Each structure stands twice: as C-alpha cells, then as structure tokens.
Amino acid sequence: MEKTCTEVWKNCLHIIKDNIPTQSFKTWFEPISALKLDGNVLTIQVPSLFFYEWLEEHYVGLLRKTVKKQLGDEGRLEYNIVVDKSSNSGSPYTTNMPSNGNGAEAKVQSMPIPVSINKDIKNPFIIPGLKKLNVDPQLNTNYTFENYIEGDCNRLARSAGYAVAAKPGGTSFNPLMIYGGVGLGKTHLAQAIGNEIKRNMPDKLVIYVSCEKFCQQFVDSLKNNTINDFVNFYQAMDVIIMDDVHNFAGKEKTQDIFFHIFNHLHQSGKQVILTSDKAPKDLAGLEERLLSRFKWGLSADLQIPDLETRIAILKKKMYADGIELPGEVIEYVAHNIDNNVRELEGAMVSLLAQSTLNKKDIDLALAKQMLKNFIKNTSKEISMEYIQKLVCEYFEVPVDMVKSQTRKREIVQARQISMYLSKSHTKSSLKTIGAFFGGRDHSTVIYACQTVEDLIETDKKFKAYVNDIQKKLKMS
Ligand code: ADP
Ligand code: MG
C-alpha cells in the first residue's frame, strides 16, 4: 500500500526527534508540514526562507538520512517555502527549493533575495499598539554628530559615519565597523548615524540594539517559539546598528542567526553598522564566516583624543549642560585624565556635584584636591625609562649619559636622583634599578639613595630640584 506524505513525514519526525534536543525539534521541525509525495520526492512546507536556510545548514545530513530511510536510496526532499509579501496581494505565495546539502555558505550567496515582510510581524522590543511597521529605533537622541567633537582620533570613523548617514546602504562602507577601547565614543558615533538618518529620512526603519540585548532576545524567542518573528523583524530593517559585537564571543547560535540576518540585509542593500572593542582581525570567539563579513566594508578605529580634543569635548559638554568652569580647571582635568572620554566626563561631573554640595566655586586648587583620587586611580605606572627621561630633561643632560661610566658631577647627580626616584616611585628591586642605570650593583643604588636623602636634608637648592621633578612625575 502506498504511503501518504503525512505518514512518511511522521516517520521522519520520529527519527529526527530522537536525534536532536527537544527545544531544537520544537523550534525547527514542529512548524513544518508535509505537502506532497511525488514518487520518491517528499515536499515539505517551511514557514520562511530563513527556515529553509537554517534546516539546510544545520540538519541537512539528518534530513537526508531519514528521508532515504523512508523512501529508499533515491529518496529526495524538496522544500516549499512560504514567502510573506508585504504587498496587498493577500495570501502568501510559495516557492520551491530542492535540498542539496552543499553547505550553507555557498548557497546563501546565490539565494534569491527573499521578498520582504508580513505586515504584522512581532517586535521583540514589545511596543504596544504596533500597527504598520512603525518601529521605535531605540536611539538616544542626545547622541548627535553635532555634539561629537572631531579630532585626529576619530576623523576617519566620523566622516565615514557621516557618509553612511547620508546614504545608508549606498556606500561601500557596508558594514561600517567602528572599533576602539572603552569610553572612546563608539556608542555615541553609532547612535549619531542612526539619529541623522532618522532626521533626514524619517521613513527608514532604523534599529539600534546592543549585541547583549540581541542575544537575550534570541534566547527568549527560542523559548517562546517565535524565532521566525524575531528574524523577520530584523530582516525588515533598513539600518541595523549593533553595538559591541565582541559580546558575540562564544555564542555560536546567536552568531548563526545574525549571520543570516546580516546576509539578508546586505544583499538587499540595507545598511549594517557595528561597533566592537577590537579590530575584526583581533576579535576572538567569533566564527570565521561572520568575521569575514565584518571585514567586507570599512573598519575605522577610534583613538584616545589628544589634549586639544579633550578640552574641546569638555567645553562642549559644559556648554550643553549650561555650566561654566575656569579655563585652567578644564585644562587641568583634560591634561590629567587622558585615557578615555567617559572618565573625562565622569571627573567633570563629580567635580560639579561636589561643588554644588559644598556650595563652593571650583578653582584650580579645589579641582586638584577633589580629583586626587580620581587621578591616582587612572594614572599610568611610572617606569624607570620615564624617570630617566624626566630627570635628564630637567638637568639638560643627554639621556643615555646616566647609564655611562662617567663621573662628571652633573651626570652623577642626575643618575643618583634617577635611582632614588626609581626606588620610591616604581616597584623595581635595588638590583633591577642598578642594572637599568648602567649595570651597577645594588649597593650603588643604596649609596645613591642615601646620598640623595642626605642632600635633601642639607641642601635647599637640591631639595627644590627633587621636589620639582617629583611634581612633574605626578603631573604626568
Ligand atoms: P564607548 O561606546 O566607546 O564605550 P561612548 O560612546 O559611550 O563610548 O562614549 C563615552 C562618553 O564620551 C559619552 O558620554 C560620549 O558622549 C562621550 N564622547 C566620546 N567621544 C566624544 C567626542 N568625540 N565628542 C563628544 N563626546 C564624546
Ligand atoms: Mg559603548
């Protein structure tokens, strides 16, 4: 007796169920229905193109085996894909796709671009009253180009961002990857692009999402069996801004999903903007195929801003907040906090808070006192090289002379002070210090320190020298 397609598929499901985790079965196989059996060709219907890609990528081996078990060696599988149309045509149409099992990577690129999207897709950001596709871009409107100060540190990234904002999807900067250390302005710049697009092209569907949130939404959609809605939502966007993609590390399934979304958007000429704490080539824990996509467009880095830019950032921030600080205070803060913009702003905010609490105007002395802890925590470790450089500059002697054997008075003095400061300002042992300053032994260092201490006690001028240098050390 001939078997019906439903029976055959039921038998297949039986085997598949035993071979994969329950959750995966629920997500990927329960939504499938058997459509027809034509000789030895079984056609199954899947809810979307994405589903088809996913099945072919992850389950093609299992599917092929089970189908052959049911229909013999000549058994074949075909997909019927329901393609949602956003046009008025009403019912969705379908398209057929053979199973070939060539691996998804090659196939994905030769796939036709899926026709867009169902009208009432579900928004994982849960916006009540969603009717037409009217998506809150999740942007912070304070992050604009206008208040993003330009400097050498960000010129390329900023102008590329500007170009992308003017023509999303229409430049070769796709994806645009903005990378750089913490607090250097990645989120600000990425959001500024989104805000600029929304300002000039309000109809564009823009979505900002942190990688972390995206991962969470994916997990939730698996739990709730809404994976299709999840993917559809992101694939419907004109611009996706994904912040901190280094957080994809180790999350293979989410990377897979994003890979598909990325391909879809990119092929449809939509804009992808990414940020990351490292250059794509240095990102660990990301799948190669995803990384290679990230390298397609432009990667632009953000550096630590130089002093002038830091001052400009502080001034802009003050202006925006309607406050005023004396120039020398701004300069002091900008000079001393030089590792990232967030800390720079943080220092200023705490300064203002303290002055409000104490009802005192902020002058340089107060700023110094208040920021003492801040600066101590953030300042770099002082090295012997640096001490040597500073001391030699101070006494105007050639830098390498302190390491030589010369017994000239001013050189000996510079050498001894360098050793003394190395002992008090670095964690180096006496032996290391001696070795560094011209291969001397530890007793020479002890002698040098003793001499400097004696001179500080007895020689006012000498004491002033040492104090001066120490001050410079602390300023740096
Ligand atoms: P990241 O995402 O790289 O960690 P953010 O974008 O959150 O850094 O930036 C930290 C803070 O510094 C934000 O308040 C941001 O507005 C500010 N900032 C960074 N770069 C600039 C800049 N070039 N001009 C003005 N503000 C900046
Ligand atoms: Mg950020």
### Relative packing of peptides 204-211, 454-461, 325-332 - highest average C-beta neighbours within 10 Å first
204-211, 325-332, 454-461
### Task
Provide, in order from the shortest bin, the percent of all Cα-Cα pairs of the chain in each 10 Å bin, continuing until the bin that contains the maximum pair distance.
4, 16, 19, 17, 14, 11, 9, 6, 3, 1, 0, 0
### Message
Tell me whether region 307-370 comes out rounded, prolate or oblate; compute the Cα gyration tensor, take square roots of the eigenvalues as a ≥ b ≥ c, and use a/c under 1.5 as the rounded threshold.
### Response
prolate
### Relative contact order of region 307-370, defined on C-alpha pairs under 8 angstrom at six or more residues apart (%)
35
### Query
If we sort 409-420, 141-152, 213-224 on the protection proxy, mean other Cβ atoms within 10 Å, highest first, what's the order?
409-420, 213-224, 141-152
### Summary
Note to self: with every protein chain in place and a 1.4 Å probe, region 307-370 gives an accessible area per residue in Å² of 56
### Query
How large is ³J(HN,Hα), in whole Hz, for each residue of region 424-431 in order, when computed from phi with the Karplus curve 6.51 cos²θ - 1.76 cosθ + 1.60 and θ = phi - 60°, using x for Gly and Pro?
7, 10, 10, 9, 5, 6, 4, 5
#### Entry: Accessible surface, per residue, of region 159-216 when the full set of protein chains is kept, probe 1.4 Å, Å²
37
### ³J(HN,Hα), Karplus 6.51/-1.76/1.60, whole Hz, each residue of region 279-291, x for Gly, Pro
5, x, 5, 9, 6, 9, x, 10, 5, 4, 5, 6, 4
### Message
Quick check: the angle from helix 460-475's long axis to the longest principal axis of the chain, C-alpha only, nearest 10 degrees?
### Response
10
### Helix 307-321 vs. the chain, principal-axis angle (Cα, 0 to 90°, nearest 10)
70
### Message
For region 134-302, what does the relative contact order come out to in percent, with C-alpha contacts under 8 Å and a separation of six or more?
### Response
34
### Summary
A correct Karplus calculation of ³J(HN,Hα) over region 23-37, with 6.51 cos²θ - 1.76 cosθ + 1.60, θ = phi - 60°, whole Hz and x for Gly and Pro, returns 4, 5, 4, 4, 5, 9, 10, 4, x, 8, 10, 7, 10, 7, 10
### Task
Could you tell me how many degrees, from 0 to 90 and to the nearest 10, lie between the Cα long axis of helix 341-358 and the main elongation axis, the longest principal axis, of the Cα atoms of the chain?
60
#### Entry: Packing-based ranking, highest mean first, of 155-166, 285-296 given that Cβ atoms within 10 Å are counted
155-166, 285-296
### Summary
By the C-alpha gyration tensor axes a ≥ b ≥ c (rounded if a/c is under 1.5, else prolate when a/b exceeds b/c, else oblate), the shape of region 384-475 is rounded
### Task
Determine the share of the chain's accessible area contributed by carbon and sulfur atoms, expressed in whole percent, with a 1.4 angstrom probe.
50
### Message
Relative contact order for region 384-475: what percent, with Cα pairs under 8 Å and sequence separation of 6 or more?
### Response
27
### Query
In whole angstrom, how far apart do the alpha carbon centroids of region 149-218 and region 385-413 sit?
49
### Task
For region 1-68 and region 296-310, compute the distance between their C-alpha centroids and round to whole Å.
50
### Summary
Of all DSSP beta bridges with both partners in the chain, the antiparallel percent, nearest 5, is 30
#### Entry: Long-range amide H partners of Met177 with built H, under 5 Å
Leu274, Leu298, Ser299, Ala300
### Task
Tell me the label-point distance for the pair Asp361, Glu287, using the 7 Å Cα-to-Cβ offset, in nm and rounded to one decimal.
6.3
### Task
Could you list the residues of region 173-191 with an amide nitrogen less than 18 Å from a label point located 7 Å from the Cα of Ser350 in the Cα-to-C-beta direction?
183-184
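The values are calculated or read from the model by the stated rules, or taken from the named source; none is laboratory data. Small disclaimer: the values here were computed from a predicted structure and weren't measured. So basically every Cβ, Gly included, is an ideal-geometry build from the backbone, and we count neighbours across all protein chains shown. Keep in mind that these areas ignore ligands, DNA and RNA; they rest on the heavy atoms of the full protein, side chains included. Shrake-Rupley method; radii C 1.70, N 1.55, O 1.52, S 1.80 Å.
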